[in-house]
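The values are calculated or read from the model by the stated rules, or taken from the named source; none is laboratory data. Keep in mind that this is a model prediction, so the values were computed, not measured. Quick reminder, even Gly has a Cβ in these numbers, built from the backbone with ideal geometry, and neighbours come from all protein chains shown.
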Amino acid sequence: MGQLVGAALVSHHPGLFQCEEFRLLMGNGVDSDLIAGYDRVRAKLDAVRADILVIIDSHWFTTGYHLVDGGAHYAGKYLSDEMPWYLFGQHYDYPGSPEFARLVERVGRERKVRTKGVFDPDLDRHYPTINIVNKLRATEKVVSLGCCQNCRLEHFLESGAVLGEAIRRSDARVAILASGALSHRFNDIDWVPKSPRIFDEVNVSRPENIASDKEAIALLAEGRHDRILDLWPEKFRPAHWEASGGHYLQMLGAMGGRDCRARGTALSAYENARGTGNIHIWFDVV
């Protein structure tokens, strides 16, 4: 019987993948704490000994189906079409798990949740997967799950429940990494930072988004995922979490949904990235 052994919200923002000299310039002489935070997340992964990392990719926008990648192996060099001057030359080489992807697809079919596996190794990569693989993978297999853009909150939770059941039916130890930001409103192109330390939270796009993110972080620390769901329409959806919150909500569905009381431990400071709110938060689930 398989087991979900850990889960985390993790930031993938491209500024973290620049050279240290540039990051120190962005940080007004101090590096982003998200960099050290990756080591803290990796230590948690080492402790739980996962066989598979499921990365919920907040840039893999799908339509009509929840998609799970089932390629046996991925290798190549990534160039971002969003910001090719900034995020380029990201080499990757890692194994997938077609067997696990087929299991997710089968559970989705049984539950009448629109779920499909994609088994073509030419499937495009997105940097929420590539960046996290390059920072956090050791020897684990990697399976990415997309965020279907024509979904409501309950659909993401259903997809996550499918993932959780597939994990239980597998023979693997699985950790979930929800790759994305909290509030995700970008600053304008002609934005002038309030603080010379670009990572400073005061540079997040709106004061109300900072307040919303801080409230969410506090609720996650208490394990009050139910309150986040209750407040979603009035508090968190207006802050425009990345991918409509699909990365977090699918992770939560796999952890038990509304009944989940897994407490979130912040493994980094809360920081800005071009107006978006970023943090690493680990959830002990066993």
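The table that follows gives values for the structure above.
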read-out	value
Residues within segment 189-225 that are among the β-branched types (Val, Ile, Thr) and under 20 Å from the mean Cα position of the chain (by Cα), tallied	3
Test for Thr63: is it buried (at least 18 other Cβ atoms within 10 Å of the Cβ) and either over 23 Å from Arg152 (Cα atoms) or modelled with pLDDT of 95 or more (or both)	no
Candidate set from segment 70-84 (those that are assigned to a strand (DSSP E or B) and free of Cβ contacts under 8 Å to residues at least 24 places away in the same chain); member that is farthest from Asp122 (Cα to Cα)	Lys77
Candidate set: segment 91-115, residues that are of a type in the set (D, E, K, R) and either within 24 Å of Ala50 (Cα to Cα) or at pLDDT below 95 (or both); chosen: the one surrounded by the fewest Cβ atoms within 10 Å (Cβ to Cβ)	Asp93
Flag if Phe61 is under 26 Å from Glu140 (Cα atoms), in a loop (DSSP other than H, G, I, E, B) and of a type in the set (A, V, I, L, M, F, W, C)	no
Subset of segment 34-77 [more than 22 Å from Cys147 (Cα to Cα), among the hydrophobic types (A, V, I, L, M, F, W, C) and within 18 Å of the chain's Cα centre (by Cα)]	Leu34, Ile35, Ala36, Val41, Ala43, Leu45, Ala50
Test result for Leu219, surrounded by fewer than 23 Cβ atoms within 10 Å (Cβ to Cβ), of a type outside the set (Val, Ile, Thr), in contact with a Lys or Arg (Cβ under 6 Å, 6 or more places away or on another chain) and within 19 Å of Arg261 (Cα to Cα)	yes
Output for segment 40-54, where each listed residue is out of contact with any His (no Cβ under 9 Å at 6 or more places or on another chain) and surrounded by 13 or more Cβ atoms within 10 Å (Cβ to Cβ)	Arg42, Lys44, Leu45, Val48, Ala50, Asp51, Ile52, Leu53, Val54
Tabulated pairs, segment 5-17, first touching a residue at least 60 places away in the same chain (Cβ under 8 Å), second in a loop (DSSP other than H, G, I, E, B) and polar (S, T, N, Q), C-beta under 8 angstrom, 6+ apart or interchain	Ser11/Ser268; Pro14/Ser80; Gly15/Ser32; Leu16/Ser32
Some residue of segment 138-155 being loosely packed, with under 15 Cβ neighbours inside 10 Å, under 17 Å from the mean Cα position of the chain (by Cα) and polar (S, T, N, Q)	yes
Test: residue in segment 186-207 that is crowded, with 22+ Cβ neighbours inside 10 Å and closer than 16 Å to Leu153 by Cα	no
